[in-house]
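Every number in this text was worked out from the coordinates using simple rules, so none of it is lab data. On a predicted model such as this, the values are computed, not experimentally measured, just so you know. Neighbour counts run over all protein chains shown; Cβ positions are idealised from the backbone, glycine included.
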Amino acid sequence: MVNLTGISNEMLRNAPKFYEVAKRIIEITEGCIIVAHNAKFDNRILTTEFDRLGYDFDKETLCTVELAKELIPNMPSYSLGKLVRSLGIPITDRHRAQGDAKATVELFKMLLQKDLDKEIIKASVRKDPKRHLDTKLLNLIAEMPSETGVYYMHNEEGEIIYIGKSKNIKKRLTQHFTSDNRKSKRIQLEVAAVTFELTGNELIALLKESEEIKRKKPKYNRALRRTLFQYQLGSFVDDNGYINLKIEKADARKKAITTFSNYQQAKSSLYSITEKYNLCQKLTGLHKTKGNCFNYTVKDCEGACIQKESAEDYNVRAKLFLDEYSYYNQHMLIIDRGRDVDERSVILIENGVYKGFGFYSLNYQITNPEVLKSIITPMANNRDAQHIIQTYLKKRRVLKIIPLATDPVN
């Protein structure tokens, strides 16, 4: 959540509780229709919070997603950020209340102008059927922390029926219990208890969730029981000494640079890699030809495809990519936030193999890598775990990465 919105726990520490602003919400929404992007979700969050206070919050809603689909059809995406950008509407402070609200207002103004007779807008006003969360679900939500971790939903027999992770467990559980899709409704009927394990940061939550789902096989986590990544990117050196890249079916016996959910994702990523590192489309397998690649024709390739550029020069850029992306040769400790301010987490990678994670207290000032390695709880290494770590490190920051010796002691 910090990476997505810029909002930290410290910023929320002195924020008012819902009951402190509830009266003001009632006052400013009196006689009004709630307009929002995905209004049903926003309204249900409000309804749930008022339910806890014993107040019947009952408002009509108008969803700008539905309106946009009616009045501006065939847009590539109707998510707020992509939609307003494609319409030339400025948006600042993305994923923050004020920024998103201002963008939604401008979008709504545009939609009002397009609906000349206002018939579509009138027909789009909704009133959610009365649906209050029962006491059981409200109590389960109330017991959850607003912190990062993995949560387990149990049925009456104590069996785990669903495992999830979130940067805000309470908020995620509220979403589960206010959603009206088929799976959520079944979970709402069956859930009897929820337990959780705090992880301190999202990376460990992702790893823990993946391992627990594979191990416990909950009935409502079918999609994540199996390995999610069906394709991988490999490399080889051809007869002329050039480093080549190749998309291939995922194979645990082969070392992969990175993995992908499907072929289209793999191909799209490889195009981006080829462009970013100025690689040759022929040598990355994107242009099947016996001659030069297309990029050489438009002067975007240095000519490695026809050996005009030497293998030595070309491989400098190819190795730069491999060094930045390659996972299987890495030996490191990943240090990040722990479950409280006096704790840190540590993840161990040896020879590109995920060994596990642990936590240690800052009070002990542990700096010796061998000591840190000794506190690791062993976890299963698989394609999913490798992809989770690799993707996370590319997109997000951790507190520290400690390189280990190239020949680590197991």
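See the values below:
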quantity: Links that overshoot a 31 Å alpha carbon limit, given the list Lys122/Lys395; Lys208/Lys400; Lys170/Lys373; Lys109/Lys394; Lys127/Lys183; Lys109/Lys136; calculated: Lys122/Lys395; Lys170/Lys373; Lys109/Lys394; Lys109/Lys136
quantity: Which of Ala103, Gly358, Pro16, positive extreme of dipole for the chain (C-beta unit charges); calculated: Ala103
quantity: Translational D in µm²/s for the stretch 231-325 (Stokes-Einstein at 37 °C, 0.692 mPa s, Kirkwood Rh from C-alpha pairs); calculated: 245
quantity: Separation in nanometres of the label points that stand 7 Å from Cα toward Cβ, at Lys219 and Asn155; calculated: 0.3
quantity: Where only C-alpha atoms are counted, convex hull volume of the stretch 97-179 per residue in Å³; calculated: 144
quantity: Ascending count of other beta-carbon atoms within 10 Å, so fewest first, for Ser268, Ser124; calculated: Ser268, Ser124
quantity: Relative frequency of Cα-Cα separations exceeding 16 Å in the stretch 305-410, percent; calculated: 63
quantity: Fewest-first sequence of Asp384, Asp340, Asp42 by Cβ atoms within 10 Å of each Cβ; calculated: Asp340, Asp42, Asp384
quantity: Local electrostatic count at Lys355 - Lys and Arg +1, Asp and Glu -1, tallied over other residues with Cβ under 14 Å; calculated: -2
quantity: Angle between the chain longest axis and helix 39-52 axis [Cα atoms, degrees, rounded to 10]; calculated: 60
quantity: Computed over the stretch 135-225, Kirkwood Rh from alpha-carbon pairs, angstrom; calculated: 13.0
quantity: Selected from Val237, Pro369, Val150, residue furthest toward positive end of dipole (the chain; charges at beta carbon); calculated: Val237
quantity: Proximal charge balance of Ala311 [Cβ under 14 Å; K/R count +1, D/E count -1]; calculated: -2
quantity: Quotient of C-alpha Rg and 2.2 N^0.38 Å, computed over the stretch 2-127; calculated: 1.16
quantity: Debye-sum result for the chain in log10 I(q)/I(0), which assumes one identical scatterer on each alpha carbon, at q = 0.07, 0.08, 0.11, 0.13 Å⁻¹; calculated: -0.47, -0.61, -1.06, -1.28
quantity: On Cα atoms only, tilt of 311-325 relative to the major axis of the chain in degrees; calculated: 40
quantity: Segment Ile376-Glu190, extension gain: residue separation times 0.36 nm, minus the distance between their alpha carbons; calculated: 63.4 nm
quantity: Per-residue Cβ neighbour rank within 10 angstrom, fewest leading, Met379, Met11; calculated: Met11, Met379
quantity: Simple spin-label estimate for Leu322 and Tyr271 in nanometres, 7 Å along Cα-Cβ; calculated: 2.6
quantity: Charge sum, other residues only, whose C-beta stays under 11 Å from Asn295's C-beta, Lys/Arg counted +1 and Asp/Glu -1; calculated: -1
quantity: Stretchable slack from Glu143 to Asp340, in nm (0.36 nm times residue separation minus alpha-carbon distance); calculated: 69.1 nm
quantity: Met11-Val298 FRET efficiency (beta carbon distance; Förster radius 45 Å; 0.05 resolution); calculated: 0.40
quantity: C-alpha long axis of helix 383-395 to longest principal axis of the chain, angle in °; calculated: 80
